[in-house]
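What follows is a set of notes on a single structure, which appears directly below.
The values are calculated or read from the model by the stated rules, or taken from the named source; none is laboratory data. As the structure is a computational prediction, the values presented were derived from the model and not from experiment. Reconstructed Cβ throughout: ideal geometry from the backbone, glycine too, with neighbour counts over all protein chains shown. Note: areas computed on protein heavy atoms with side chains; ligands, DNA, RNA excluded. Shrake-Rupley method; radii C 1.70, N 1.55, O 1.52, S 1.80 Å.
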Amino acid sequence: KAVVSTQSGHYGRGKKIPKTLTPFGNEKTLNINSLVLTNIQQSNYFKFQLYELNTYHQVLDEIVKKVKHLEPWEKGSRKTAGQTGMCGGVRGVGAGGVVSSAYCLLYKLYTLKVTRNQLSSMLNSNHVYVRGIGLLYIRYSQHPGTFWDWFDPYLDDEEEIDPRAGGGRPITIGEMCVQLLTRLDWYTTLFPRIPVLIQKEVEMKLQEWRDENAAALQEEQGPEEHDSARHDDRYRDVSSDRRREGSRGPRYDDRRDREYDRRGDRRRDDRLDDRRRDDRLDERRRDERFDDRRRDDRLDDRRRDDRLDDRRRDDRLDDRRRDDRS
């Protein structure tokens, strides 16, 4: 059954919801990581093949044909060897890789300025990756205050989707919605941050949704079956905690502390490398601006000399005419 999100909570009751979608944040980049966006704009697939697609339906057909996962990079093309901490994973710092068709098509959709009805039809599509790209489009481009109204109707959706490049980790559409509402990272890239107050409100609503599901499950199982299952879960948790406590001691704590220190050092080194790279880029830009000024000054000098030569030539001509008349 098709579900249409209303976003009544964000726009207020009684107010007419606009048909067009107003982008949130950076309207030029879709709030996508700059490294991913640069690879999208420079890819031959986006510049030549997707350039010929001019309609929403053509892009949907291309999603059905090309998209096999929802990661920003194709499998094996992202070289993160030797990169750790923020450089190796979340921040997307480095040489990049082969950008995925999913993210190229996601950005292509943004350039077409899809409407609210078109986005709703994507979420109710028969093709699972069309639905997945629709969910990512919401997470990247829409106001965080509308996230719950968009995702809430699909939290119980049990259709499976495998967002990982190469497959092997399928999740349901509902689980994907929960990840988009609660996680900041998505396969080596970052989503736009959700304001703290909105994030707290979303977490409260998620907890209410979980409590309702637990209550419904209890009613289906019956009190005795539910109590036995809860007892089994509690026994497993206690026994696993005892095994964990018995196998870990001071040596484990020391190793863990050393590992935390190493990770902190790596992150510090990564941030230092990022600053150095930014400084080098700033110096290059400063040198380029200085060269541009020098070139402009030379051009101005040439134009000034040309004007002076023209005046001298005109003066000589005037002298000759005056001599001829005399």
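Scan region 132-144 for residues that are open to solvent by less than 20 Å² (accessible area, probe 1.4 Å) and either over 25 Å from D162 (Cα atoms) or out of contact with any strand residue (DSSP E or B) (no Cβ under 7 Å at 6 or more places or on another chain) (or both) and jot them down.
I133, G134, L135, L136, Y137, I138, R139, Y140, S141, Q142, P144
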* Residue that is most open to solvent (accessible area, probe 1.4 Å) [pool: residues in region 145-172 that are aliphatic (A, V, I, L, M) and farther than 16 Å from R210 by Cα] -> I171
* So H57, is it at pLDDT below 75 and either of a type in the set (F, W, Y) or under 25 Å from N117 (Cβ atoms) (or both) -> no
* Report yes if some residue within region 5-22 is part of a loop (DSSP other than H, G, I, E, B), at pLDDT below 95 and within 17 Å of I133 (Cα to Cα); otherwise report no. => yes
* Asked: For region 104-120, what are the residues that are farther than 18 Å from V67 by Cα and either open to solvent by less than 30 Å² (accessible area, probe 1.4 Å) or part of a helix (DSSP H, G or I) (or both)?
  -> T111, L112, V114, R116, N117, Q118, S120
